[in-house]
Amino acid sequence: MAHLWHTLGALKFFCQNALPCGERMSEVHVILGGKVRVYQRERSPYWQCSAFLSGRKWRASTKTDSLAHAKEFAEDWFLDLSGKSRAGLLKTGRTFKEAAEKFLPEYELLTLGERNPRYVKQHGDRLRVHLRPFFGDKLLSEITPGLVQEYRIHRTKTSSTGRPPARATLHHEIVTLRLVLKAASRHGWLEHVPDLSPPYKASNKISHRAWFSPDEYRKLYEATRKRAKAPLKKQHGWGSEQLHDYVLFMANTGLRPDESARLQYRDVSVVVDQATGERILEIEVRGKRGVGYCKSMPGAVVPFERLKARNKPAATDRLFPQTHRALFNAVLDEEGLKVDRDGQRRTAYSLRHTYICMRLMEGADIYQIAKNCRTSVEMIENFYASHIKNTLDAAAINVRRAKSKNRRSSDGRASRPNRASVM
């Protein structure tokens, strides 16, 4: 029986102190009555020490290749851990690394078909490159708002480009961090998710997205029309014609570039609008918001009919099988339209922004624009309506109160006008 208990005790110690899978030891020494072991990995000259305490395995590097010094370090290290454990200062729990490993597989499976695979992959890239190196060995309970602020400072100082990361880049990293902490909270590893909002944050400046003003838009489509009629190279003829129709189509429908890339001929029909009596396009849109509908401006009909006549398509063919991004950027550069006055670069998305801004300038209802563009009123108010002067009603702003000719005081006597107010 004694031999059996000895065997079970040795097995328990081995299980508690086993190395993770994949790590091999070249030599192991047990000290302090089996409470601590000192070992050496195959590819490292330094000795490591490990112990099992307070329901968790602890490990540390002795930073020395001398076995005698390593044993002395291990004894002091274990006694220090034991003292912290008795004083209640030894924190235990899951680490951020474990939470990240739990989060990634379940996020990928539970968002299958709802999130772009590239977006899912970006979460893994942020964890691998930035978050795990900083938070990896930290306990989840140790991730406080102060530590997150230290991470922001760390990212600002250690940027590989020599300049601080963009605000949006740091925001996406904090979003990934929050998702991992929420996953840990759902599994009961964390009592609550800490406040991750940046301190000392003032209100964001009002900004707008790059778009083409009416004069700039006219300059753009005249340039693409010129390219379509006289391409620089013969083999670019079809692409130049496609680009010209693309510019007109996008600026008169407000579609997102990814929505137009999925658009098939069977999704578009030419109809006569009952309210206006004009020929417009009714479009069944498939994109980031799922399936939605769009009614175009009359200016989108002719480009669509040119596309059908030029390509003679089947119902399942795409309107724009190519993006023509290089040709579009070449036209922008030639016309000096690539960058707006605030330094923002214009892309195909700027045609959607142009559509929204022009509709607001014409006095269209903001709610109807939001429905037609498959977005929210809040987004339009924040990024478009704030810089469109036509959304301001001067008649409602420049209101003057009518002044009575003979104002009387409380005792019935006529009051004299204030000399300081007389101009």
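The values are calculated or read from the model by the stated rules, or taken from the named source; none is laboratory data. Quick caveat, the model's predicted, so the values are computed rather than measured. Backbone-built Cβ (ideal geometry, glycine too); neighbour counts: all protein chains shown. SASA here: full protein model, heavy atoms, side chains in, ligands and nucleic acids out. Shrake-Rupley method; radii C 1.70, N 1.55, O 1.52, S 1.80 Å.
Residues that are closer than 15 Å to VAL331 by Cα and in contact (Cβ under 8 Å) with a residue 12 or more places away in the chain within the stretch 209-225 comprise PHE212, GLU216, TYR217, LYS219, LEU220, TYR221, ALA223, THR224, ARG225, listed in sequence order.
Here's the yes/no breakdown for (1) free of Cβ contacts under 8 Å to residues at least 40 places away in the same chain; (2) exposed (fewer than 12 other Cβ atoms within 10 Å of the Cβ); (3) within 18 Å of the chain's Cα centre (by Cα):
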| site | (1), (2), (3) |
| --- | --- |
| VAL120 | yes, no, yes |
| ARG132 | yes, no, no |
| LYS138 | no, no, no |
| SER141 | no, no, no |
| LEU147 | yes, no, no |
| SER160 | yes, yes, no |
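Would you point out which residue out of ASN382, ASN390 is at pLDDT below 90, polar (S, T, N, Q) and farther than 23 Å from GLU259 by Cα? That would be ASN390, the only listed residue that is at pLDDT below 90, polar (S, T, N, Q) and farther than 23 Å from GLU259 by Cα. Applying the condition of being among the small types (Gly, Ala, Ser) and farther than 20 Å from HIS324 by Cα to the stretch 195-230 and asking which residue is modelled with the highest pLDDT yields SER213. Of all residues in the stretch 28-73, those that are surrounded by 15 or more Cβ atoms within 10 Å (Cβ to Cβ), more than 23 Å from LYS84 (Cα to Cα) and at pLDDT below 85 total 1. Output the number of the condition that LEU170 fails; it satisfies all remaining conditions of (1) touching a residue at least 40 places away in the same chain (Cβ under 8 Å); (2) surrounded by 16 or more Cβ atoms within 10 Å (Cβ to Cβ); (3) under 20 Å from the mean Cα position of the chain (by Cα). Of everything listed in (1) touching a residue at least 40 places away in the same chain (Cβ under 8 Å); (2) surrounded by 16 or more Cβ atoms within 10 Å (Cβ to Cβ); (3) under 20 Å from the mean Cα position of the chain (by Cα), LEU170 misses just condition (1). When restricted to residues that are assigned to a helix (DSSP H, G or I) and touching a Leu at 6+ places or on another chain (Cβ under 8 Å), the stretch 105-142 contains 8.
Being free of Cβ contacts under 8 Å to residues at least 12 places away in the same chain and farther than 24 Å from GLY287 by Cα is the filter; apply it to the stretch 99-118 and report the residue that is surrounded by the most Cβ atoms within 10 Å (Cβ to Cβ). That would be GLU101. Working only within the stretch 302-324, note down all residues that are in contact (Cβ under 8 Å) with a residue 12 or more places away in the chain and either hydroxyl-bearing (Ser, Thr, Tyr) or farther than 18 Å from GLU259 by Cα (or both). Of everything in the stretch 302-324, those that are in contact (Cβ under 8 Å) with a residue 12 or more places away in the chain and either hydroxyl-bearing (Ser, Thr, Tyr) or farther than 18 Å from GLU259 by Cα (or both) turn out to be VAL302, GLU305, ARG306, LYS308, ARG310, PRO313, ALA314, THR316, THR323.
Take the residues of the stretch 357-385 that are of a type in the set (S, T, N, Q) and under 19 Å from MET297 (Cβ atoms): which is most open to solvent (accessible area, probe 1.4 Å)?
To start, the set of residues in the stretch 357-385 that are of a type in the set (S, T, N, Q) comprises 368, 372, 375-376, 382.
Okay, now just the ones that are also under 19 Å from MET297 (Cβ atoms), so 368, 372, 375.
On the way: GLN368: 100, ASN372: 27, THR375: 44 Å².
Here the residue is GLN368.
Are there any strands (runs of 3 or more DSSP E) wholly within the stretch 231-312 with 2 or more residues that are open to solvent by 60 Å² or more (accessible area, probe 1.4 Å), of a type outside the set (A, V, I, L, M, F, W, C) and in contact with a strand residue (DSSP E or B) (Cβ under 8 Å, 6 or more places away or on another chain), and if so which? Break it down stepwise before answering.
Values: elements: 268-272, 279-287, 290-295.
Passing ranges, in order: 279-287, 290-295.
Taken together, LYS102, LYS97, LYS91, LYS84 contain a single residue that is of a type outside the set (Gly, Ala, Ser) and part of a loop (DSSP other than H, G, I, E, B), which is LYS91.
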